[in-house]
Amino acid sequence: MKRTFYSLALGLTSLTMMPSASAQNGNVGRLTGKFVQPANGRQCAAMEVLDRQLATDPQMAQRMAEIEARTSRFVANPVANRAALTGPVTIPVVVHVLYNTNAENVSDTQVQAQINVLNQDFAKTNADASLIPAAFGSAAASTNVRFALAKRDPNGAATNGIIHKSTRVKSWSTNDAMKQSKRGGDDAWDTSKYLNIWVCDLGQGLLGYAQFPGGAASTDGVVVLYSSLPGGTAAPYDKGRTATHEVGHWLNLRHIWGDASCGNDLVSDTPTQQTSNYGCPSFPKVTCSNGPNGDMFMNYMDYTDDACMYMFSNGQSSRMDALFASGGARASLLTSTGATAPLVATTAVETLTVFPNPTSGQLSIRTGLNTPAIGWQVKVYDLRGLEMPQARTAATGTLDVSGLPTGLYHLVLTNGKSIQHQSFRKE
Ligand SMILES: [Zn+2]
């Protein structure tokens, strides 16, 4: 079906995922927020949240339209655009665990298991990829997106990427309160550098929701029900696929049925299908004249059970790629150092000495064992913080500073594992 993105965006809201009893049947764009405990299916509130954000943020529709135009151009010229992508992107992730009860305080082990599921699902290394029907086999994608728990926080300190925070809030909703410390939640880490995942009790049967690219920075990220993590108690949504689905939205994927009857999900290789699927359908399930293969109900962007969704399509993968191309909405993540551990403090034995000080020509750099500090990178800065390129390190642990003007200088020495600061005077 041919539709402009603009009208589509206005017809959609934000994306949330929830198990629900009866509110499915293709009516996701008009969820009321009255969610019930699951009886026969998952539901996601991402579109509902999108609708709310579009209504309160007048510029958001325009931002999304620009992202969509960029995506269309990218997908239309995949060879030229793909050349810019040299391999998978690894996204630093911070997980905010908000708990009111012990059960909600999921373990670091479970969080890591969730990250593992994300990596398997996005790389098509999930064991159940073997269940993909042959008819869809060539459409199944190993995407270019991977995930790693942060090793460095926004202040540069070491972290394991997991925050456990006790809260008085007993259950949350889709109003983004969990993303704000002042409302009992936990503020996002710089959303241009990290994928923020909040894990909490969403209440009202909600499984999760996500914010699309183009939304407000402060609320960017995804929210998932604590019991939806792998090994959780939200069966049949207990294998971590809620996060896979929500991160799919965060990477600009629509529900596979296009949130309308025989709607458009903006992807060419996913068959048009009438509405969301639930449970575990039998292949093929033909709707909207999409035979003989029928609905791609095993796609992560449908509403089937965790055990019955196990693929992204190549077209969906291309939409993700577009976000990381030059100028793309998620391209800033490419230069994040969040997944790289900070340099650790040196131990006593590694302490360096620099002499003679002052000097007019050569500085010797020695370790605590009085051996030349070979393998260390040395940078020299003046008191204004400007690097002095005329000072070069010799491989022998000697620094020639004869080319520097007289004055005080600062040295930064690194060997990939530790960092040291020293000063000297040039005479
Ligand atoms: Zn969804």
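A compact table of results
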item: Within the stretch 129-182, tally of residues that are part of a loop (DSSP other than H, G, I, E, B), closer than 22 Å to residue 117 by Cβ and out of contact with any Lys or Arg (no Cβ under 6 Å at 6 or more places or on another chain); result: 11
item: Residue match in the stretch 256-264 (condition: closer than 24 Å to residue 123 by Cβ, surrounded by fewer than 23 Cβ atoms within 10 Å (Cβ to Cβ) and more than 16 Å from the ligand (Cβ to nearest atom)); result: no
item: Boolean, residue 212 is surrounded by fewer than 19 Cβ atoms within 10 Å (Cβ to Cβ) and either in contact with a strand residue (DSSP E or B) (Cβ under 8 Å, 6 or more places away or on another chain) or at pLDDT below 95 (or both); result: no
item: Within the stretch 172-187, considering residues that are in contact (Cβ under 8 Å) with a residue 60 or more places away in the chain and over 18 Å from residue 48 (Cα atoms), the one surrounded by the fewest Cβ atoms within 10 Å (Cβ to Cβ); result: 184
item: Count of residues meeting criterion [within 13 Å of the ligand (Cβ to nearest atom), more than 17 Å from the chain's Cα centre (by Cα) and outside any loop (DSSP other than H, G, I, E, B)] in the stretch 226-243; result: 1
item: The stretch 244-255, residues that are within 11 Å of the ligand (Cβ to nearest atom) and of a type outside the set (A, V, I, L, M); result: 244, 245, 246, 248, 249, 250, 254, 255
item: Close pairs from the stretch 191-210: first at positive phi and in a loop (DSSP other than H, G, I, E, B), partner among the hydrophobic types (A, V, I, L, M, F, W, C) and within 16 Å of the ligand (Cβ to nearest atom), Cβ under 7 Å, at least 6 apart; result: 204/35; 205/18; 205/35
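The values are calculated or read from the model by the stated rules, or taken from the named source; none is laboratory data. Bear in mind the structure is a predicted one, so any value in this text is a computation, not a measurement. Because the Cβ atoms are built from the backbone with ideal geometry, glycine has one as well, and the counts that use them run over all protein chains shown.
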